[in-house]
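A quick write-up on the structure given underneath.
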Amino acid sequence: MALSLDILAELAEIVPGSPLEQARGTREAATRHAQGSYETLFSQQDADFALDERFAVAAKVAKWHNADALAAHYAGFGLADPTSLRLTPALAFARVLTFSPVEATPGALNALTLAGWSQEGIVTLAQLIAFVSFQSRLIVGLRLLNDKPVVASDTPVVAGKWHTAPVTKSGSRAPVQFTRQELDWEPWLASKPLAEYSADEQAILAKFGHTDSDYFRLLGRNLPVLEQRTLTDKGIFYTSGGLSRAERELAATVTSKINGCIYCASVHARKASQLLKENDAVDALLAVQPGQSLGEGHSARWQAEIAFAAALSVTPPAATPLHLSALDKQELDTLGQLDLVQSAAFFAWANRLMLTLGEPALT
């Protein structure tokens with residue numbers, strides 16, 4: 001069995017020449033590097049995380065997202081024994097990352113280490129789980145945009161809980177509420193020292209401006225995956241036309257509220273506020289308490305965008321054609337709707353890495 005040449009188009013049943021295909025062509029970098037992330041993760045011949053183990057984890061994560069066709073795709077490559085000493089803690093880790101990444105702890109990483117996982121393997125495992133979470137949501141969003149049926153979900157679409165412990169693992173002061181202020185991030189696994197990267201690898205980190213970032217030097221333990229992920233990010237957020245940059249940042253903030261990721265929300269709420277000049281509205285979104293709806297009190301356009309992004313972000317996703325109809329009423333065209341889908345879906349990936357490989361700290 002071979003990897004799909006365009007897994008998203010295949011599973012979303014996108015017709016050549018359709019408005020959705022044209023919109024994906026306009027977002028060529030995002031389309032190409034989302035596919036590139038899939039190809040990289042599922043073709044690496046790596047002793048730290050074998051391919052049969054990767055397919056087993058991916059199939060399970062996709063199934064948990066109600067992405068049955070995607071799960072069947074991964075299962076078709078042949079699966080490792082899910083009860084093996086290595087995969088038992090890996091699948092426990094995958095369940096937390098899938099359903100409640102805010103509940104991840106350093107102890108889960110230690111359990112993986114005790115089961116024989118290297119730091120490189122753990123980073124790739126986290127990337128794979130987070131990527132399939134992103135991929136599953138893209139398929140839901142693309143199918144809705146393509147007027148194809150999606151699996152119904154009764155997951156409550158409400159803000160998630162967040163960390164309230166006042167100190168980090170290292171003893172630093174930790175944020176206990178959502179904020180627009182700049183934060184630090186402390187890894188629970190050791191970041192790879194810059195000196196251990198080759199000159200070519202250092203150039204890749206430098207190209208993206210992340211040579212001094214603990215987060216990126218940690219993810220750089222699998223640099224090909226990190227490179228594709230970063231290019232996917234840039235293809236989604238740093239492009240012209242379609243949905244405004246501010247509204248893409250809004251979607252990232254909404255997803256971060258669903259998942260309880262204070263760090264990601266601080267970055268993207270700050271950007272949204274700077275672009276929109278709507279500090280009070282952004283702060284009201286950040287202040288929503290766990291279990292509450294996110295869209296109340298905002299403009300009709302924001303309510304439609306927030307409702308769709310939030311419904312796409314819960315697990316399993318709960319987005320429906322009604323959410324899409326509300327966007328139509330706000331005159332979002334296919335490209336704008338695609339931007340919203342991709343912005344929210346990408347933070348299903350980003351939040352799961354930030355929440356499970358480290359934690360935010362106050363500067």
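The values are calculated or read from the model by the stated rules, or taken from the named source; none is laboratory data. In this text, all values refer to a predicted model and were calculated from it rather than measured experimentally. Cβ placement follows ideal geometry from the backbone for every residue including glycine, while neighbour counts extend to all protein chains displayed. The area values use the complete protein model at the heavy-atom level, side chains included, leaving out ligands, DNA and RNA. Shrake-Rupley method; radii C 1.70, N 1.55, O 1.52, S 1.80 Å.
Screening the chain for whole DSSP H helices of 15 Å or more along their axis (Cα) with average Kyte-Doolittle hydropathy at least 1.0 returns 87-99, 119-145. Comparing G25, S37, V57 along the charge dipole axis of the stretch 23-106, the residue lying farthest to the positive side is G25, per the Cβ-charge model. Quick one: go through the stretch 273-313 and flag any residue whose amide nitrogen is under 18 Å from the point 7 Å out along the Cα-to-Cβ line of E103. Answer for this model: 290-292. Using C-alpha pairs under 8 Å with a sequence gap of at least 6, the mean separation divided by the residue count of the chain gives a relative contact order of 27 percent. In summary, the stretch 102-145 shows an alpha-carbon radius of gyration equal to 1.53 times the 2.2 N^0.38 Å reference for compact globular proteins.
For the chain, the residue among L324, A361, P16 whose Cα projects farthest onto the positive side of the dipole built from Cβ charges is A361. The modelled label-to-label distance between D81 and A47, using points 7 Å beyond Cα along the C-beta direction, is 2.1 nm. Run lengths n ≥ 4 of DSSP H only: what is the helix-derived mean residue ellipticity at 222 nm for the chain, with -39500 (n - 2.57) per run over all residues, to the nearest 500? Computed mean residue ellipticity for the chain: -18500 deg cm²/dmol. For E28 and V167, the FRET efficiency from 1/(1 + (r/R0)^6), where r spans their Cβ atoms and R0 equals 41 Å, is about 0.35. With all protein chains kept in place, the per residue accessible area of the chain amounts to 39 square angstrom at a probe of 1.4 angstrom.
With all protein chains present, how much of the accessible area of the chain (probe radius 1.4 Å) comes from carbon and sulfur, to the nearest whole percent? C and S fraction of accessible area: 53 percent.
For the stretch 144-217, a simple Cβ point-charge model (Lys and Arg +1, Asp and Glu -1, everything else neutral) yields a dipole of about 260 debye relative to the Cα centre. Distance between the pseudo-spin-label points of D333 and Q292 (7 Å out from Cα toward the beta carbon): 3.7 nm. Here the calculated FRET efficiency for S118 and A69, from their Cβ-Cβ distance with R0 = 51 Å, stands at 0.95, rounded to the nearest 0.05. Using the Cβ-Cβ distance between V158 and E201 with R0 set to 41 Å, the FRET efficiency from 1/(1 + (r/R0)^6) comes to roughly 0.45. A simple spin-label model places the labels of A111 and R95 0.8 nm from each other, with each point 7 Å out along Cα-to-Cβ.
Near V167, the amide H atoms lying under 5 Å from its own belong to A174; only residues 5 or more places off or on other chains count, and H is placed 1.01 Å from N.
Backbone geometry of the stretch 163-174 corresponds, through the Karplus equation with coefficients 6.51, -1.76 and 1.60 at θ = phi - 60°, to 3J(HN,Hα) couplings of 5, 10, 5, x, 10, 8, 4, 7, x, 6, 6, 10 Hz, x marking Gly and Pro.
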